[in-house]
Structure formats: C-alpha cells, structure tokens
Amino acid sequence: MCSGITQHRQEVNGVNIFYEKAGSGSHTLLLLPGAIGSTRTDFSPQLQGLNREKFTVIAWDPRGYGQSRPPNRDYPPKFFDRDAKDAADLMKAIGFNKYSLLGWSDGAITALLIAARFPTVVNKMVVWGGNAYITETDLKLFEATRDISRWSERMRAPMVAMYGEEHFQHIWNIWLDAIIWYYEENDGDICTKELDNITCPTLIVHGQKDAMVPQFHPDFIHEKIKGSRLINWPDGKHNIHLRFAEKFNKLAEDFLSE
C-alpha cells in the first residue's frame, strides 16, 4: 500500500480483525467491503485518494475475509447481522464513537444494518451495489457467477491472489448457499424492516449497468430511507468506486462534507 496507510489488528468478538487506516481528519469514515472482499481488493483507491486532511479513513477485513483469518469464513443464518455487530464493535474498540459509513455490495447491506441498529454512532452513509432483499431474479444472477473460472480476469485475479484458487471457489460457494438461505428460509428478507429505522443522511449510488444488482433494489432502499438521495450512474457497473475512482471519491467527499 502507498505511504501513509497504516495496518492494525484488534480483537473483536473473539476474532483478530485486520484493518487499515489513512488520514487524520476530524470526520471518520468506515469502508465496508463486498462479499469475500477486503481492504486490499476493494478499497485501494479510497484509502489512497480520499482527502486525508478532512477524513480519517478506516477500512476493515470482516471475519474470515482477507487478513482477518483465521478463522476461515463461515455463514451462519443472518450472517449480515454478525458482520454489522463486528464492525460497530471494532469502531468502538479502536476509539471511534461517531463515524460515517461507505458500504459496497455486501458491505452496503452491513452499513444499512449498522445505521438502523446503532443510529447514535452513524453520522452519514453512502451505499452502492447493495440490496435489502433477495428475489428469484437475484438468485439467477448470483448462480451464474458460481464457477469462478468464468469470472473476468480483472475480477478473479485479486481474489486468487488473496485466497488461492481452491479456497476462493470454496468460500464463494458457501457465500452463494448462504444467500440462498435468505431466499428459501427467510422469505428473501435481509433488512427490509430495518430501513425504516435509518435516520442518518444517506446517499445511494447505482451503476445502471450493474449486472448483479437490478434497478429495483436501489429504488426500494431510496423509497424506504426517509430523506435519502439516489444518484444513478449511467455508465457504472457493480464496481463504480474502482472503475471511476476519482469521480466517485469526489461525489462521496462532497456529500460527506455538506
């Protein structure tokens, strides 16, 4: 990683959690990665590019992901709830009592749960690539990704470097099975009811070419979170913060600085 990014570990709920820190600004941000993601695979342009005078940026590897291993990842029912508690407990343990959330994909879901359940600690929130429930359409989109050999090299390579091919395929399989659990055993619901409890200023960003998240998902989140703002990104796919990093960072910074 580039100069100025420091690496740390913190015991949280029985797991040695890895996180990285950049900047020393008065506004603290927590970056929450996507499924099987990590600070390194998911947020390098944000750790390097967000304004370090305005913001203190924390990016974490959830338990079983990235460098927060051991343990290897498992997926109990409602695993997003555990991730949300781990993230909130991490921030408390390292001394941050008020912060904003930037959550991508699975990290967007985790951010929504944190904002709903721990409203006093959340300043603002930016989410993209997430969903509050699972439909049959979503399952088909996810299932099409099961064979990692069919992923694009650009998406595959960082995960293979992090986990090795065999463990990458294993962890992706059990993630998919955990998502199927929400659909089959929880009426598809992840956090629909919790959205009504979110009171922090919220920006929802959606890449309109996102092959993983249909438009009805950000529309639903926008409708349910009072006062939220939705920006549709015409050329954006699922990873808009990586593909359009400079523009995305400015959008986030402007919203967080209002």
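The values are calculated or read from the model by the stated rules, or taken from the named source; none is laboratory data. Nothing here was measured: the structure is a model prediction, and the numbers come from that model. Positions of Cβ are backbone-derived with ideal geometry, glycine not excepted, and every protein chain shown enters the neighbour counts. Ligands, DNA and RNA are excluded from the accessible area calculation, which covers all protein heavy atoms including side chains. Shrake-Rupley method; radii C 1.70, N 1.55, O 1.52, S 1.80 Å.
The figures follow:
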| item | result |
| --- | --- |
| Conditions (1) open to solvent by 50 Å² or more (accessible area, probe 1.4 Å); (2) assigned to a loop (DSSP other than H, G, I, E, B); (3) more than 18 Å from Ile5 (Cβ to Cβ): number failed by Tyr75 | (1) |
| Output for the range 13-33, where each listed residue is buried (at least 24 other Cβ atoms within 10 Å of the Cβ) and in a loop (DSSP other than H, G, I, E, B) | Pro33 |
| Helices (runs of 4 or more DSSP H) contained in the range 112-197 and holding at least 2 residues closer than 26 Å to Phe55 by Cβ | 153-163 |
| Answer residue from the range 237-256, given it is under 17 Å from Ala108 (Cα atoms) and outside any helix (DSSP H, G or I) and is farthest from the chain's Cα centre (by Cα) among those | Lys237 |
| Single residue of Phe248, Phe220 found to be in contact with a Ser or Thr (Cβ under 9 Å, 6 or more places away or on another chain), surrounded by 14 or more Cβ atoms within 10 Å (Cβ to Cβ) and aromatic (Phe, Trp, Tyr) | Phe220 |
| Filter result for the condition that a residue is more than 23 Å from Arg40 (Cβ to Cβ), touching a helix residue (DSSP H, G or I) at 6+ places or on another chain (Cβ under 9 Å) and modelled with pLDDT of 95 or more, over Glu258, Glu194 | Glu194 |
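Listed here are the residues, each with its yes/no results for (1) within 30 Å of Ser26 (Cα to Cα); (2) in contact (Cβ under 8 Å) with a residue 40 or more places away in the chain.
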site: Arg150; (1), (2): no, no
site: Tyr163; (1), (2): no, yes
site: Glu184; (1), (2): no, no
site: Gly188; (1), (2): no, yes
site: Glu194; (1), (2): yes, yes
site: Gly227; (1), (2): yes, no
site: Asp235; (1), (2): no, no
